[in-house]
Amino acid sequence: MVTDLHFILNDSEIQVSARPGLLVLDFLRESKRLTGTKEGCREGDCGACAVLIGELVGDEVHYKSITSCLMPVGELQGKHLVSIEGLNMAALSAVQQAIVDEGASQCGFCTPGIVVSLTGYLMEREGDIDIEGVKEALGGHLCRCTGYRSLKACHHHLNRDAGSASGVNELVDCGILPDYFSNIRRELQAIHLTSAPSLPSGTNVIVAGGTDIYVQQGDEIPDSNAVLLNRYPELRGIRDLETHLSIGALTTFEEFSNSPSVLKYIPEIREYMMEIASIQIRNRATLAGNLINASPVGDMTILLLALRAELLLKEGEIERTVLLSEFYDGYKELAKTPGEILTEIRIPALPSTSKINWEKVSKRKYLDIASVNSAAVIRTEGEQICDVTLTAGGVAPVPLILDATGSFLTGKNISAEVIRNAAAVAQDEIAPISDVRGSAEYKRLLLRQLIFAHFVRLYPEFISAEILYA
Ligand SMILES: Cc1cc2nc3c(=O)[nH]c(=O)nc-3n(C[C@H](O)[C@H](O)[C@H](O)COP(=O)(O)OP(=O)(O)OC[C@H]3O[C@@H](n4cnc5c(N)ncnc54)[C@H](O)[C@@H]3O)c2cc1C
Ligand code: FES
Ligand code: FES
């Protein structure tokens, strides 16, 4: 099965017929012979394949860096695909020059992807160019020979050359982008966006952001009748309603954590994101994909579980809701039919006095999945705990709500003894196994520490780490 696609590749508008599930990486390298985009891991881990995807949002084109080894070409209709070749100019771009000036490239294999991601950072940043922003942009990139110090030092050059530039035209003027970028908005507006057909039912393979399923089934999907959910815009968007936050199933981790409605409830959400995947993955990974993937350590799953989320599932004309807490029957077993599509996640409105915290411990701080993770939603009056939901991942076959621990804590005053006893109750609710992420005993210890961390972070006026460990 092939589909007709009309989009802009670098500086040229193109129309192609392609298998929708074909990877953008393979399209670029094999069909277009644009081999500046490198293939490293093919699993989203190394960043060698990074490209920019530009999309019209209202009247503006927004660009995101993504890993082309996990994105299907069928999503490119009406978009601007930018590979490293599309950033080249007669002279080096200011980003390329900064890398040269800092001696930040040796074999050069990782360099095209890094140039792409740094350019994407300059295009989408809000605020100053700083080392933290550069580190975040490079979070999804591995470099085996130069090292990261010289790459990070590029932020001085970028600040000097593009610090005051905002918007495409100013970035063109200061030598970050080639001239043709100034015309892209008009060209995208002229491309007809095919109206999305109604949501399919049936048991075809579903691809949302593709960051799990392409890692698992990357060889099979291009030749399958995979359904690309990104072609259904009704699955996008976050709405702040009186009773709940309505999160479209296609909402990505980045869209979720940048949403003012979400930030209002979870002010620390951006900090949490720094410990989840990389910007290139978070620009693609959806909340729904995290829930359906059903990993016992899904980072958003553990948070949404603590928020008592409800799911809206649809199959043909039939719709039903199910509580996330009742969605997992066993390891990777879901309370859903194979044909049901998750269309919306609903987070019930919380009292303004509720506090939220999320914790994760992994073998590596960045770009790694959790050994154990946990979230807490707690409401107190003074020192007294009125409501509490604690969740735990990596300590059972499914993501867990620690019901008995929550019941134990409810009505009690926050004190070192109460929290230590609560962590002891939690030990009877979990059944961790020893695996590559740590021994069962280690995971038990981690969960205890994370329960302590929730209270120390949320209620420093009542409890401190020193008191807990005294
Ligand atoms: C390098 C890398 C780092 C990662 N780091 C983390 C991390 O730190 N923390 C973490 O939790 N995860 C991590 N992941 C895993 C992954 O990014 C997440 O699980 C992500 O949420 C998956 O979402 P997706 O949209 O990409 O799902 P997809 O891969 O598109 O789909 C995943 C599964 O869900 C199904 N599906 C998706 N959407 C729907 C829907 N609406 N209805 C029905 N079925 C659906 C698909 O058929 C598939 O079975 C990482 C992945 C990579 C490649
Ligand atoms: S090839 Fe490594 S992230 Fe795509
Ligand atoms: S310069 Fe060789 S891998 Fe980065």
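Figures for the structure shown
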| read-out | value |
| --- | --- |
| Where ASN225 falls short, out of the listed (1) in a loop (DSSP other than H, G, I, E, B); (2) crowded, with 20+ Cβ neighbours inside 10 Å | (2) |
| Residue identified as buried (at least 17 other Cβ atoms within 10 Å of the Cβ) and farther than 22 Å from LYS336 by Cα among ILE238, ILE213 | ILE238 |
| Within the range 56-89, considering residues that are free of Cβ contacts under 8 Å to residues at least 60 places away in the same chain and either surrounded by fewer than 18 Cβ atoms within 10 Å (Cβ to Cβ) or hydroxyl-bearing (Ser, Thr, Tyr) (or both), the one nearest to LEU22 (Cα to Cα) | SER68 |
| Given (1) part of a loop (DSSP other than H, G, I, E, B); (2) modelled with pLDDT under 95; (3) closer than 19 Å to GLY339 by Cα, index of the condition ASP219 fails | (3) |
| Test: residue in the range 249-270 that is farther than 29 Å from ARG457 by Cα, of a type in the set (Ser, Thr, Tyr) and surrounded by fewer than 18 Cβ atoms within 10 Å (Cβ to Cβ) | no |
| Hey, LEU87 in the same structural domain as ILE53 (by TED's automatic domain parsing), within 16 Å of ligand 3 (Cβ to nearest atom) and either out of contact with any Asp or Glu (no Cβ under 8 Å at 6 or more places or on another chain) or hydrophobic (A, V, I, L, M, F, W, C) (or both) or not | no |
| Check on SER117, small (Gly, Ala, Ser) and within 16 Å of ligand 1 (Cβ to nearest atom) | yes |
| Tally of residues being crowded, with 23+ Cβ neighbours inside 10 Å, of a type outside the set (Gly, Ala, Ser) and closer than 22 Å to GLU55 by Cβ across the range 90-132 | 7 |
| Candidates GLU429, GLU441 - the one that is in a loop (DSSP other than H, G, I, E, B), without any contact (Cβ under 8 Å) to a residue 40 or more places away in the chain and either farther than 16 Å from VAL377 by Cα or in contact with a helix residue (DSSP H, G or I) (Cβ under 7 Å, 6 or more places away or on another chain) (or both) | GLU429 |
| Among (1) out of contact with any helix residue (DSSP H, G or I) (no Cβ under 7 Å at 6 or more places or on another chain); (2) in contact (Cβ under 8 Å) with a residue 40 or more places away in the chain; (3) β-branched (Val, Ile, Thr); (4) closer than 24 Å to LEU263 by Cβ, the one test that ILE341 misses | (4) |
| Long-range neighbours under 6 Å by Cβ, at least six apart or interchain, first residue part of a helix (DSSP H, G or I) within the range 285-306, second modelled with pLDDT under 95 and within 16 Å of ligand 3 (Cβ to nearest atom) | none |
| Residues that are in contact with a Ser or Thr (Cβ under 7 Å, 6 or more places away or on another chain), within 13 Å of ligand 3 (Cβ to nearest atom) and of a type in the set (A, V, I, L, M, F, W, C), drawn from the range 90-124 | ILE99, ALA104 |
| Those helices (runs of 4 or more DSSP H) lying entirely in the range 36-147 with at least 3 residues closer than 24 Å to ASP11 by Cα | 94-101, 111-124 |
| ALA165 away from ligand 3 (no atom under 16 Å from the Cβ), in contact (Cβ under 8 Å) with a residue 12 or more places away in the chain and within 22 Å of PHE181 (Cβ to Cβ) | yes |
| Residues within the range 7-35 that are surrounded by fewer than 16 Cβ atoms within 10 Å (Cβ to Cβ) and either among the charged types (D, E, K, R) or not in a loop (DSSP other than H, G, I, E, B) (or both), tallied | 8 |
| Residue count for the range 90-102, restricted to those that are free of Cβ contacts under 8 Å to residues at least 60 places away in the same chain and either basic (Lys, Arg) or closer than 16 Å to LEU158 by Cβ (or both) | 6 |
| Single residue of GLU102, GLU85, GLU124 found to be away from ligand 2 (no atom under 16 Å from the Cβ), touching a Lys or Arg at 6+ places or on another chain (Cβ under 8 Å) and not hydroxyl-bearing (Ser, Thr, Tyr) | GLU124 |
| Neighbours by Cβ (under 7 Å, 6+ apart or cross-chain): first from the range 103-114, in the same structural domain as THR67 (by TED's automatic domain parsing); second more than 16 Å from ligand 1 (Cβ to nearest atom) and of a type in the set (Val, Ile, Thr) | ALA104/THR146; SER105/ILE99; SER105/THR111; SER105/THR146; GLN106/THR146; THR111/ILE99; PRO112/THR37; PRO112/ILE84 |
| Hey, SER407 surrounded by fewer than 16 Cβ atoms within 10 Å (Cβ to Cβ) and either of a type in the set (Gly, Ala, Ser) or modelled with pLDDT under 95 (or both) or not | yes |
| Residue in the range 176-186 that is of a type in the set (Asp, Glu), surrounded by fewer than 16 Cβ atoms within 10 Å (Cβ to Cβ) and modelled with pLDDT of 95 or more present | yes |
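The values are calculated or read from the model by the stated rules, or taken from the named source; none is laboratory data. What you see is a predicted model, and the numbers here were worked out from it, not measured in a lab. Quick reminder, even Gly has a Cβ in these numbers, built from the backbone with ideal geometry, and neighbours come from all protein chains shown.
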